[in-house]
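This report refers to the structure that appears directly beneath it.
The values are calculated or read from the model by the stated rules, or taken from the named source; none is laboratory data. What you see is a predicted model; the values in this text were computed from it and never measured. Positions of Cβ are generated from backbone atoms using ideal geometry, with glycine treated the same way; all protein chains shown enter the neighbour counts. Accessible surface areas use protein heavy atoms only, side chains included; no ligands, DNA or RNA. Shrake-Rupley method; radii C 1.70, N 1.55, O 1.52, S 1.80 Å.
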Amino acid sequence: MDMLANLGLGFSTILNIVPVELPGIGAVPLPMNIILCFIGCLVGTLIGVLPGVGPIATITMLLPITFQLGNPTGALVMLAGIYYGAQYGGSTTAILVNIPGEATSVVTTLDGHEMAKQGRAGVALGISAIGSFFAGCVATVVIAALAAPLTGVALLFGPAEYFALMVMGLIFAVVLARGSVAKAVTMILVGLLLSTIGTDLETGQERLTFGFAPLSDGVDFAVLAMGVFGFAEVLRNLEVSENRDVVNKPIGRLLPSLDDLKASVAPVLRGTALGASLGILPGNGAVLGPFASYTLEKKIAKDPRRFGRGAIEGVAGPESANNAGAQTSFIPLLTLGIPPNAVMALMVGAMTIQGIIPGPQVMTRNPDLFWGMIASMWIGNLMLLIINLPLIGLWVRLLKVPYRLMFPAILVFSCIGIYSVNNSPADVVFTAVFALFGYSLIKLGFEPAPMLLGFVLGKLMEENLRRALIISRGDMVTFLEKPISATLLAIAAVMLCLALLPSVRKSRDEVFTE
Amino acid sequence: MKTPKVEMGAIRVRGAQNLVAGLSLLGLAAFAAWAASDLPLGRLGSMGPGMVPYAIMGLIALFALGLVANGFLKDGEGVALADYSAVILVAAIGVVALVAGASLKAAGIAQLWGYPPSVVAFCAVYLLVMVWLAIQAVRRPTWLDRSGLRGPIFVVGGLLAFALTVRTVGLVLAGPLLAVISGAASSETRLKELLIFAVAITAVCIVMFKYALKLPMPVLIIPGVIYL
C-alpha cells in the first residue's frame, strides 16, 4: 500500500499545475511538468532519430538546456523524457535505416529492417512502440516496488561498503560491455584520474590544475561529456562516407493486425521479464536484455529460420526488453547512487548540477522529486506512444537529412548549449580539446563510455575510500573484514577473473556479435 | 589496417595499435605524475591530496605496460599515420605557440588584444594552417581526405572561432562562422548550400535560445553602439 501512496505522490507532483507567466496573456495555470516531459520526449526523439546520433550524444546535446530550468524536478522529468525519446529514436533508425542508435537496438536491426524492406515498417514501428509501452508500464511498477526496500539496504552501508559497491559496479560495467576488458578497465582509471583534477575536498589543495584558475573547480562534466561523446562522435562519423540504407518502400499501416498482435503477446511478456530483471544488475545489464530476448525467441520458435527475415517476434521481444531494461537500470542509480552505464552517468551529472547527489538519501529528502521522476517514466512512455506514431512521417523525412548539413547544425546547437552552462567561451575550447582526446581514444581502440563512469564515480569513491581508511586507521583489511564489503569485492573479483578466462571471453564475444 | 607488422630488429611489433595505446598511456601517467609532484602523499590512515591520484597513475602505468607487452606478443590492429595526424598537428601548433608566446613575453609584450600572447600565436598559426588546408581542399581533395586532417582540423577550427567571437561580436557572427568553417570538414559539402544553411540555423538558434529559452547570450555587439 505504501507503494500506491508513493506513486500517488509521484503522479500528483507530475500533474501539479502551476501558474505560468505568458507574455501578453498573463498568468495561465499549466501542468508544467507534463509539458516539460512532452517537450523532452519530442526533442529527444527529434535528435535521437538522426542517424549517427545515438542516445548518449542526444542527451549530452540537450543536457545544457535542462540546466537552465530552475527547479530540479522539472529538469529531471524533462531529462527522463529526453532519454526515452532518444531510446525510441534509436529504434526508429534501427528499423528504417539499419543503423542502431546504440548497442541495445542492434538486435532490432536484424528483423526490424527486414520488415521495413518488405513494406511492413509501420507494423514494426507500431509493435515496437506498443511493446515498449507495455514494458515501460511493468518496469515502472517494478521500480516503485523495489526502490523502497533497496534504499533501506543502502542506508546500512558505511564508507567501506560504499567503496566496495562502487568497485563492483564499475567491474560489472566493464564485464558486460563489449571489447577488451583490460582496455575498458584502463578507461575507467583514466576517468578516475580526470575526476581528481581540481581542489582536494579535505585539504583544499589544488590538484593537477597547473595553476590554471578555471580548472580549480574540476573538469566540468558537461564539457567532458560533450567533447568525448558529442564532438568525437561527429569526427568519427565524418570519416565514414555516407551510405544510408533508407527504406524507400512505403511505411504501410502502423497498427499491427490481430495475427501480428497474437504472435507478439508472448514475446513481449518474455522480453519485458528478461529486460526488467537484467536491467537491475549493477553493471550495464540493460544491454544484455535485447540479446537474451532475441536468442530466446529464436530458440523456442517453431520455425527459427524466419528470424532475420522479418519475424515480428524478433522485434517485439527485444524492443520490450530494451525498454524494460532502460527503465529498471534507474534502480541502481536511484537507490544506491551507482550509475550502471554511460547514460545513467549523464543523469548523475545532471542531478549533481541541480544540487542533488544521487543515492539512498534522495528518497527521504526529496520524496516528491524521487517519486515524481518514477511517475514521469510512465508518463514518458505514454507520450512516446502519442507522439511517435502520428509523427512517423516527420521522422522519416528527418532520416533523409544528409550528414553534411546535420553536423554543422549539431555543432552550432551544442556550442550554444555548452557556452550557456557557465557563459564561458573557455568551456567551448575545453570541449574542443576533449573532442580531440576522445577521437584519439577511439583511434587507439578504447571505448570512451567507461571513462565517463569512472569520472562520475571518482570523487565519491575517493571520499569513501579515505573515510573508510580514517575509521580503520589506515588498515586496508577493513574492506575484507566487513561482511558486506567483502562479499561485494569477492563478486567483483570473480566476475573479473571469469571475464578474462579465454573460454568465457569467447562466448561473451559471440553474444555481442550475433 | 595498413601496417600489420613492423620489423624492429629481432623483436617484431605484432599489434601496433596496442603498442601505441600503451605508450600514450605511459606518457599520460608520467605527465600526470609530473603535474602532481608537489602533492603530499600522507599516510593510509590520513591520506594527503596526492595519495589517490598517485595510486591511479600507478595502476594506469601498470595496464599501459600490459598493453605494450601485448603489442609485442599478440597479433592485433595496426596503426596508420592518418589516424593521429590531426592530433599531432594540433599539438605541434601548440608547441610553436608556447615558444612564440614565451619569446613575445620576453620582448615585453604581456598581452595582445587582451589575450596572453601564446593564445594569439596559437590562433594565428591555426588560422594559417586552416587556410592552407582549404587551398588543398580545392587543389588536392583526395590527398586531403586521406590525410586524416580534414575532419578534426576544421571542426576544432570552427569551435575556436565560435569561442573567440561569441562574446566579442555575438551569435550573429559566431553561429555562421562555426557552421561554415566546420562545414569544410566534409568533402561532400557544397558551398552555396552551406552558406544559406549557416544563416538559417543561426536564425533558428537565436529565436529559440535567446527569445524562447531566454538564455543570457549576446546576439550582436558593436562596442559603444549596440548590445543585443
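If you go through the stretch B:145-164 one residue at a time, how many are more than 8 Å from chain A (Cβ to nearest Cβ) and without any contact (Cβ under 8 Å) to a residue 24 or more places away in the chain?
Of the residues in that region, 1 qualify.
If A:Thr104 satisfies all but one of (1) modelled with pLDDT under 85; (2) closer than 28 Å to A:Cys415 by Cβ; (3) crowded, with 24+ Cβ neighbours inside 10 Å, what's the number of the condition it fails?
(2)
Mind listing whichever residues of the stretch B:34-58 are among the small types (Gly, Ala, Ser) and either at the interface with chain A (Cβ under 10 Å from one of its Cβ atoms) or buried (at least 16 other Cβ atoms within 10 Å of the Cβ) (or both)?
Passing the criteria: B:Ala35, B:Ala36, B:Gly42, B:Gly45, B:Ser46, B:Gly48, B:Gly50, B:Ala55, B:Gly58.
Just need a number here: residues in the stretch A:484-502 that are part of a helix (DSSP H, G or I), open to solvent by 10 Å² or more (accessible area, probe 1.4 Å) and more than 14 Å from chain B (Cβ to nearest Cβ).
12
If a residue has to be outside any helix (DSSP H, G or I) and under 21 Å from the mean Cα position of the chain (by Cα) to count, how many in the stretch A:148-207 make the cut?
Final tally of qualifying residues: 4.
For the stretch A:328-361, give me the residue count where each residue is assigned to a helix (DSSP H, G or I) and under 12 Å from A:Ala147 (Cβ atoms).
The total comes to 8.
Can you name the residue in the stretch B:177-191 that is of a type in the set (A, V, I, L, M, F, W, C) and more than 7 Å from chain A (Cβ to nearest Cβ) and, of all such residues, is most open to solvent (accessible area, probe 1.4 Å)?
Ranking the candidates gives B:Leu191 first.
Scan the stretch A:332-341 for residues that are open to solvent by 10 Å² or more (accessible area, probe 1.4 Å) and within 14 Å of A:Met451 (Cβ to Cβ) and report the count.
1
With A:Ala213, A:Ala222, A:Ala147 as the choices, which residue is of a type in the set (A, V, I, L, M, F, W, C), more than 9 Å from chain B (Cβ to nearest Cβ) and open to solvent by 40 Å² or more (accessible area, probe 1.4 Å)?
After applying the criteria, what remains is A:Ala213.
Output the residue which, of all residues in the stretch A:438-453 that are out of contact with any Leu (no Cβ under 9 Å at 6 or more places or on another chain) and more than 8 Å from chain B (Cβ to nearest Cβ), is surrounded by the fewest Cβ atoms within 10 Å (Cβ to Cβ).
A:Leu441
Test A:Arg305 against the stated conditions and say whether it is out of contact with any helix residue (DSSP H, G or I) (no Cβ under 9 Å at 6 or more places or on another chain) and open to solvent by 10 Å² or more (accessible area, probe 1.4 Å).
yes
Could you check how many residues of the stretch A:362-382 are over 19 Å from A:Val348 (Cβ atoms) and open to solvent by 20 Å² or more (accessible area, probe 1.4 Å)?
Residues that pass the stated criteria total 4.
Determine whether the stretch A:113-126 contains at least one residue that is over 20 Å from A:Val49 (Cα atoms) and at pLDDT 85 or above.
Yes: one or more hits.
Hey, among the residues in the stretch B:63-79 that are facing chain A (nearest Cβ under 9 Å) and of a type outside the set (Phe, Trp, Tyr), which one's most open to solvent (accessible area, probe 1.4 Å)?
For the stretch B:63-79, the residue satisfying everything is B:Glu77.
Does any residue of the stretch A:464-483 turn out to be within 11 Å of chain B (Cβ to nearest Cβ), open to solvent by 40 Å² or more (accessible area, probe 1.4 Å), at positive phi and outside any helix (DSSP H, G or I)?
yes
Among the residues that make up the stretch B:9-22, is at least one of them surrounded by fewer than 19 Cβ atoms within 10 Å (Cβ to Cβ) and within 11 Å of another protein chain (Cβ to nearest Cβ)?
Checking the stretch B:9-22: not a single residue is surrounded by fewer than 19 Cβ atoms within 10 Å (Cβ to Cβ) and within 11 Å of another protein chain (Cβ to nearest Cβ).
I'd like to verify a number: residues in the stretch A:383-404 that are touching a Phe, Trp or Tyr at 6+ places or on another chain (Cβ under 7 Å) and open to solvent by 10 Å² or more (accessible area, probe 1.4 Å), how many?
Total satisfying the criteria: 3.
Out of (1) crowded, with 22+ Cβ neighbours inside 10 Å; (2) within 7 Å of another protein chain (Cβ to nearest Cβ), the odd one out for B:Arg167 is which?
(1)
If you check A:Val428, A:Val396, A:Val456, A:Val433, which single one turns out to be in contact (Cβ under 8 Å) with a residue 60 or more places away in the chain and within 12 Å of chain B (Cβ to nearest Cβ)?
Unique residue meeting the criteria: A:Val433.
Does A:Gly81 count as under 26 Å from A:Pro360 (Cβ atoms) and open to solvent by less than 30 Å² (accessible area, probe 1.4 Å)?
In short, yes.
Could you run through the stretch B:34-53 and say how many residues are touching a helix residue (DSSP H, G or I) at 6+ places or on another chain (Cβ under 7 Å) and under 20 Å from A:Asp475 (Cα atoms)?
Within the stretch B:34-53, residues that are touching a helix residue (DSSP H, G or I) at 6+ places or on another chain (Cβ under 7 Å) and under 20 Å from A:Asp475 (Cα atoms) number 8.
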